[in-house]
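To keep things clear, I will list the structure first and then write my remarks on it.
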Amino acid sequence: MKLLLDTCVWAGAAEALLAAGQDVRWVGESGADPGDEAIMGMAYAEDRVLVTLDKDFGELAVVYGKPHCGIVRLVGLSARRQGGYCAILLARFGHELTRGAIVTATADRVRIRAAPRADPEHGNLKGD
């Protein structure tokens, strides 16, 4: 799966995810943080699932309707657990993510907001 790790995600998580066979880019490699909208735009343009610790991306997607290719938000995990836990989430919820879901995960709970689905009669999107 193609992933873009936000600057707030530990750089070592990229190594763990690469070792698990994922195609990973970490925004922090390119220097200064370009901001949430730019990061979300990069992930979308490159067809990557965005991995973050930041709840603002969910707001951009849900409230403001910014396009995305799936978002994983890790909550309350130590830096060293981020990569391995994310790999588990991808294995378990990869199908939902590739369809544009938002997965919010703590160490003991996972919440999935399914991607909006097209309304075939009117061609618009409806939330699940």
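Being out of contact with any Cys (no Cβ under 7 Å at 6 or more places or on another chain), modelled with pLDDT of 95 or more, within 22 Å of ARG113 (Cβ to Cβ) and surrounded by fewer than 18 Cβ atoms within 10 Å (Cβ to Cβ) is the requirement here; does GLY76 meet it?
Here the answer is yes, as GLY76 does meet what is asked.
Of all the residues that make up the stretch 40-93, how many are free of Cβ contacts under 8 Å to residues at least 12 places away in the same chain and touching a strand residue (DSSP E or B) at 6+ places or on another chain (Cβ under 7 Å)?
0
Which residues, counting only those in the stretch 1-39, are of a type in the set (Val, Ile, Thr) and out of contact with any strand residue (DSSP E or B) (no Cβ under 6 Å at 6 or more places or on another chain)?
The answer is THR7, VAL27, ILE39.
Scan the stretch 82-94 for residues that are of a type outside the set (Gly, Ala, Ser) and either under 13 Å from the mean Cα position of the chain (by Cα) or buried (at least 16 other Cβ atoms within 10 Å of the Cβ) (or both) and jot them down.
GLN82, TYR85, CYS86, LEU89, LEU90, PHE93
Condition first: modelled with pLDDT under 95, more than 24 Å from ARG113 (Cα to Cα) and surrounded by fewer than 19 Cβ atoms within 10 Å (Cβ to Cβ). Can you find one or more residues in the stretch 49-59 that meet it?
no
Do you know which residues across the stretch 15-46 are among the aliphatic types (A, V, I, L, M), farther than 13 Å from LEU90 by Cα and surrounded by fewer than 16 Cβ atoms within 10 Å (Cβ to Cβ)?
If the condition is that a residue be among the aliphatic types (A, V, I, L, M), farther than 13 Å from LEU90 by Cα and surrounded by fewer than 16 Cβ atoms within 10 Å (Cβ to Cβ), then ALA19, ALA32, ALA38, ALA45 are the ones that fit.
The values are calculated or read from the model by the stated rules, or taken from the named source; none is laboratory data. What you are looking at is a predicted structure, and each value in this text was computed from that prediction instead of being measured. FYI the Cβ positions are ideal-geometry reconstructions off the backbone, even for glycines, and counts take in every protein chain you see.
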